[in-house]
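Worksheet: the structure to be examined is printed underneath.
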Amino acid sequence: MFESRHISIRIHKPAAVVYAFTKDPQSFTKWATGLASGLTPDGDRWIAHGPGGDVHVRFSPENAYGVLDHWVTLPDGTELYMPLRVVANGEGAEVGLTLYRPATMFDDAAYDRDAAAVARDLAKLKALVEA
């Protein structure tokens, strides 16, 4: 089992509105730092071009449950699972991502930086959706 952190944010818009914006893989480039370089479609996955090389990303199909899971395959072949959900929270929504710590990440500070980056990304998503 991997160490994990659940990072979430409340968004003052209905869950259906948040999901409708976020379900499009192209929307990730507007708020998810790791995919900000853009996405190129490649069959049932996408290619993100970054400073460390191209990564391949698969997204969950559209669904009625707010599931936005995605899988990122790094240049070395390592696949990272990113569980992401939009759930109703009263009249608003809660967006949460579970950040797993890869077995090869031995540096606590690196994991802390990843968690901080996710929190910043979710804050940016909140700002975009609430605007």
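The values are calculated or read from the model by the stated rules, or taken from the named source; none is laboratory data. Since the structure is predicted, the reported quantities are computational estimates derived from the model, not experimental observations. Because the Cβ atoms are built from the backbone with ideal geometry, glycine has one as well, and the counts that use them run over all protein chains shown.
State which residue is nearest to V87 (Cα to Cα) when the search covers only the stretch 57-74 and only residues that are polar (S, T, N, Q) and in a loop (DSSP other than H, G, I, E, B).
Restricting attention to the stretch 57-74, the residues satisfying the condition of being polar (S, T, N, Q) are 60, 63, 73.
Those left that are additionally in a loop (DSSP other than H, G, I, E, B): 60, 63.
On the way: S60: 16, N63: 13 Å.
Filtering the stretch 57-74 for residues that are polar (S, T, N, Q) and in a loop (DSSP other than H, G, I, E, B), the one nearest to V87 (Cα to Cα) comes out as N63.
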Original post:
When the stretch 74-91 is examined, which residues are found to be in contact with a Gly (Cβ under 7 Å, 6 or more places away or on another chain) and closer than 14 Å to S60 by Cβ?
Top reply: R85, V86
Original post:
Is there a residue in the stretch 65-80 that is in contact (Cβ under 8 Å) with a residue 12 or more places away in the chain, under 14 Å from L122 (Cβ atoms) and surrounded by fewer than 16 Cβ atoms within 10 Å (Cβ to Cβ)?
Top reply: no
**OP:** Considering only residues that are touching a residue at least 60 places away in the same chain (Cβ under 8 Å) and of a type in the set (D, E, K, R), look in the stretch 81-116 and name the one that is surrounded by the fewest Cβ atoms within 10 Å (Cβ to Cβ).
**Re:** E91
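Would it be correct to say that D121 is buried (at least 16 other Cβ atoms within 10 Å of the Cβ), closer than 19 Å to K23 by Cα and not aliphatic (A, V, I, L, M)? Walk me through how you get there before you give the answer.
Working: buried (at least 16 other Cβ atoms within 10 Å of the Cβ): yes; closer than 19 Å to K23 by Cα: yes; not aliphatic (A, V, I, L, M): yes.
Taking the combined requirement at face value, the residue satisfies it.
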**OP:** Return the residue satisfying two criteria in turn: it lies in the stretch 19-57 and is among the aliphatic types (A, V, I, L, M) and buried (at least 18 other Cβ atoms within 10 Å of the Cβ), and of such residues it is farthest from L125 (Cα to Cα).
**Re:** V55
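I need a count of the residues in the stretch 1-27 that are outside any strand (DSSP E or B), hydrophobic (A, V, I, L, M, F, W, C) and modelled with pLDDT of 90 or more. So that I can check it myself, show each step before the final result.
Step one: of the stretch 1-27, the residues outside any strand (DSSP E or B) are 1-3, 12-27.
Right, trim to hydrophobic (A, V, I, L, M, F, W, C) and you get 1-2, 15-18, 20-21.
Subset that is modelled with pLDDT of 90 or more: 15-18, 20-21.
The number of residues fulfilling the criteria is 6.
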**OP:** Residue by residue through the stretch 35-93, note down the ones that are in contact with a His (Cβ under 9 Å, 6 or more places away or on another chain), at pLDDT below 90 and polar (S, T, N, Q).
**Re:** S37
